[in-house]
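Input: a single structure, listed below in structure tokens.
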């Protein structure tokens, strides 16, 4: 189904075409035709005029649909990061830097363009101060067809979990040129495993 914006555009163009046939025209008829120096009455007698207007309507409607934002949501479980390297900064007892690399499996896959997510591999740098943390990293998502999505992210964390803001910067294959953004909530267990719940929007390339 086309989004509301695309349907609205189609209605406006169709109305404009009908008004032109009913005699409601702007003062500059040649400008209204756009692609012709003849008057509207002359073009109405030419079937090419109708076909050209309908082709323009279809092109604009499809372009609007292609650029519409679509919703996505999904869930995943992640193993304890491995490798995981922590280095104490030295300025205070509870201040450290950590480098994590981990893998996740989709439990409720999200879909883009009808293709579901399958697995993820993330790499991140984390600064830990007491029970709070800040991180930035990159998540590489492998989709069910083997193509990949690239998702850079930033997060803040407390003892209750992490809040993540992410973007989709692109991908491979069918996901080349895909863009998106969203948020995730992460709960980390005592054993180092975690669960992720994500939601956001994406747009397919034109």
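The values are calculated or read from the model by the stated rules, or taken from the named source; none is laboratory data. Quantities reported herein were computed from a predicted structural model and do not represent experimental measurements. Note that each Cβ is placed from the backbone with ideal geometry, even for glycine, and that neighbours are counted across all protein chains shown.
Residue 149 is checked against (1) loosely packed, with under 14 Cβ neighbours inside 10 Å; (2) in contact with a helix residue (DSSP H, G or I) (Cβ under 8 Å, 6 or more places away or on another chain) and fails just one. What number does that condition carry?
Result: residue 149 passes all but (1).
Starting from region 138-167, take each residue that is under 15 Å from residue 196 (Cβ atoms) and list its partners that are modelled with pLDDT under 95 and surrounded by 14 or more Cβ atoms within 10 Å (Cβ to Cβ), counting only C-beta distances under 7 angstrom and pairs at least six apart or across chains.
161/188
Matching residues to (1) closer than 27 Å to residue 205 by Cα; (2) surrounded by 14 or more Cβ atoms within 10 Å (Cβ to Cβ); (3) in the same structural domain as residue 130 (by TED's automatic domain parsing):
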| position | (1), (2), (3) |
| --- | --- |
| 76 | yes, yes, yes |
| 84 | no, no, yes |
| 93 | no, no, yes |
| 99 | no, yes, yes |
| 106 | yes, yes, yes |
| 112 | yes, yes, yes |
| 117 | yes, yes, yes |
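For the structure I just gave you, tell me whether residue 165 is at pLDDT 95 or above, over 25 Å from residue 204 (Cα atoms) and in contact with a strand residue (DSSP E or B) (Cβ under 6 Å, 6 or more places away or on another chain).
no
For the structure I just gave you, tell me whether residue 131 is out of contact with any strand residue (DSSP E or B) (no Cβ under 7 Å at 6 or more places or on another chain) and in the same structural domain as residue 187 (by TED's automatic domain parsing).
For residue 131, the condition - out of contact with any strand residue (DSSP E or B) (no Cβ under 7 Å at 6 or more places or on another chain) and in the same structural domain as residue 187 (by TED's automatic domain parsing) - is not met.
Would you confirm whether or not region 157-176 contains a residue that is surrounded by 14 or more Cβ atoms within 10 Å (Cβ to Cβ) and more than 26 Å from residue 70 (Cβ to Cβ)?
Yes: one or more hits.
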